[in-house]
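These notes concern the structure reproduced below.
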Amino acid sequence: MAKIHGRSLHYVFKIGDRAKTAHFYRDILGMKVLRHEEFTEGCEATCNGPYANRWSKTMIGYGPEINHFVVELTYNYGKKTYKKGNDFVSLTIKSREALQRAKELNWPILDNNILEAPGGYRFRILDEEQPSDSDPVQKVTLACSNLIKSISFWNTLLGLAIYDKSDKTAVLGFGESQAKLELVEIGTPINRGEAFGRIAFSCPYNQQEDLNKKVTEHKATIIHPLTILETPGKASVRVLILADPDNHEICFVDDESFRKLSQVDPKGDELLENFIKNDRS
C-alpha cells in the first residue's frame, strides 16, 4: 500500500451544556464557530455516540477546517452529563492570549496552565504568543495502556510518522505543519467512560479502499465500514471508522468531499445561538 497522504482534522467532544461550552471556546480560548448542524436522529456512524436521538454538531476553531485542526462539539438533546474516563488527556494550544482572557474573565487556571472546559475536558495552554500565520492547536494527547503496541498500530498500520518518542510518550502525525497526536502510556487499562471522543483525519478518496483492506487484513476493530454518509444540504462524504488497541475511535473521511462539506458557514454562530435559545430539552 502506498503511503497515506493524511490530514489531521478534528477531535470530537460530547457536551452537556451548549451555552457554557460556547462561552469557554469563544470567550476564553478565542475560537470561532465555523459551522453548526442539527440532526433529527442519531448518526449512522455513531458520530454522536450510541444515541438514537436528536443531536447537533458544532465545529469550532481558530480558522477554516481546510488548514486548522478544530473541535467538534456534539450535543445530544436531553443528555446533560457524561461520565468521563481516563482516555483523553488534553489538547495543547499555543495562546498566551487565552490565558489573559481566562484571568480577565475569572476562569480558573489550573497547574501547568491547564484550562478545563465544561464537561472536564482539559486544555494545556502554552504561554507563547498565539501564531497568526499557523494553527495555534499543537496536539491532542490520549492515554494508552501499551505504548509499543499503540505505536505499531498508528505508525506501522496507519502510517503516521513518529516525530518524538520517549519511554512513555510518542508524538505522531501526517505532516510537520499539522496538529499531532501524542500518546502517553499510563500503565493501566483505558476506560473511555461515556464521554469518549473520536479523532478524525482525511485521506484521498482513492486511498480509502486500500486502507480499509489493510486494517481488515490486520483484524483491526472496524466500528463502521467504508460507507457514504449524507449531510442534508451539504456534500456527502465517505468514511471509515475504526479503533486502536485501546479502542480510541478514529475516523478517516475522503479529503475531496470533506473540503466541500467543511466550508465555513458565516451564519454558524447565529444558528448555534438560536438553537441554544430555543432548547427546551
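Key figures for this structure:
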read-out: In segment 111-151, residue farthest from the chain's Cα centre (by Cα) [restricted to those that are part of a strand (DSSP E or B) and of a type in the set (S, T, N, Q)]; value: Gln138
read-out: Odd one out for Asn48, checked against (1) among the polar types (S, T, N, Q); (2) crowded, with 20+ Cβ neighbours inside 10 Å; (3) assigned to a strand (DSSP E or B); value: (3)
read-out: Tyr77 being within 15 Å of the chain's Cα centre (by Cα) and either closer than 17 Å to Leu272 by Cα or of a type in the set (Lys, Arg) (or both); value: no
read-out: All positions within segment 12-49 that are hydrophobic (A, V, I, L, M, F, W, C), touching a Gly at 6+ places or on another chain (Cβ under 9 Å) and more than 19 Å from Gly233 (Cβ to Cβ); value: Val12, Phe13, Ile15, Met31
read-out: Residue satisfying condition, being among the small types (Gly, Ala, Ser), surrounded by 14 or more Cβ atoms within 10 Å (Cβ to Cβ) and in contact with a helix residue (DSSP H, G or I) (Cβ under 9 Å, 6 or more places away or on another chain), within set Ala143, Ala161; value: Ala161
read-out: Subset of segment 51-74 that is over 19 Å from Asn274 (Cβ atoms) and in a strand (DSSP E or B) - its residue that is farthest from the chain's Cα centre (by Cα); value: Gly61
read-out: Pairs with Cβ under 7 Å, 6+ apart, first in segment 235-247 and more than 15 Å from Pro204 (Cα to Cα) and at pLDDT below 95, second part of a strand (DSSP E or B) and not charged (D, E, K, R); value: none
read-out: Criterion (modelled with pLDDT of 95 or more, more than 20 Å from Glu72 (Cβ to Cβ) and of a type in the set (A, V, I, L, M, F, W, C)) met by exactly one of Ile276, Ile222; value: Ile222
read-out: For Ile4: the one exception among (1) modelled with pLDDT of 95 or more; (2) aliphatic (A, V, I, L, M); (3) touching a strand residue (DSSP E or B) at 6+ places or on another chain (Cβ under 7 Å); value: (1)
read-out: Count - residues of segment 237-278 that are aromatic (Phe, Trp, Tyr) and surrounded by fewer than 22 Cβ atoms within 10 Å (Cβ to Cβ); value: 1
read-out: Where Glu41 falls short, out of the listed (1) at pLDDT 95 or above; (2) among the charged types (D, E, K, R); (3) assigned to a loop (DSSP other than H, G, I, E, B); (4) closer than 23 Å to Lys277 by Cα; value: (1)
read-out: Residue in segment 210-229 that is under 16 Å from the mean Cα position of the chain (by Cα) and in contact (Cβ under 8 Å) with a residue 60 or more places away in the chain present; value: no
read-out: Odd one out for Pro108, checked against (1) outside any loop (DSSP other than H, G, I, E, B); (2) farther than 22 Å from Glu273 by Cα; value: (1)
read-out: Qualifying residue in segment 30-37 (condition: out of contact with any strand residue (DSSP E or B) (no Cβ under 8 Å at 6 or more places or on another chain), surrounded by 15 or more Cβ atoms within 10 Å (Cβ to Cβ) and not in a helix (DSSP H, G or I)); value: yes
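The values are calculated or read from the model by the stated rules, or taken from the named source; none is laboratory data. These numbers were taken from a predicted model, which means no experiment stands behind them. Neighbour counts are summed over all protein chains in view; Cβ atoms, including those assigned to glycine, are modelled from backbone coordinates with ideal geometry.
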